[in-house]
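J.: Okay, handing you the structure first.
Just so you know, all these numbers are worked out from the coordinates, no wet-lab data involved. Predicted model, so just to flag it, every value in this text is computed and none were measured. Quick reminder, even Gly has a Cβ in these numbers, built from the backbone with ideal geometry, and neighbours come from all protein chains shown.
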Amino acid sequence: MNDLVVPGTFVANKPIRAEGTFVENNKTYTSVMSIVREERAIPLKGRYVPRLGDSVIGIVNDVRFSGFQVDLNSPYPGNISA
């Protein structure tokens, strides 16, 4: 389940060092508006950096011989092989 949360919301009972979070007393909290899913905070500020297993939505920017280049609103373009 995904929950939209405000800064300072508890995320996990263990220290998780990730963008958009801070650790206090070995517990993890959000530092910006985020979506929390399974002890992971996805910040709603800045660029999205996908991780293995994430489902993403993007815009196809270029069709190439070997596949597609996709804008994921990430610092890096996505490439899909055909």
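J.: Place a +1 charge on the Cβ of each Lys and Arg in the chain and a -1 charge on the Cβ of each Asp and Glu, then give the dipole magnitude about the Cα centre in debye, rounded to the nearest 20.
T.: On the way: 9 positive and 8 negative charges, 33 e Å.
For this selection, approximately 160 debye.
J.: Still on this structure, please answer the following. Rounded to the nearest 0.05, what FRET efficiency is calculated for Ser74 and Lys14 with R0 set to 30 Å and r the Cβ-Cβ distance?
T.: Efficiency, from the Cβ-Cβ distance: 0.65.
J.: Any chance you could get the radius of gyration and Dmax over the Cα atoms of the chain, in Å?
T.: In order Rg, Dmax, the Cα atoms of the chain give 15.6, 52 Å.
J.: How much length is gained if the chain between Val49 and Met33 is pulled fully straight, taking 0.36 nm per residue apart and subtracting their Cα-Cα distance, in nm to one decimal? Provide the component values of the computation, followed by the final result.
T.: Details: separation 16, 0.36 × 16 = 5.76 nm, distance 1.60 nm.
So the extension gain works out to 4.2 nm.
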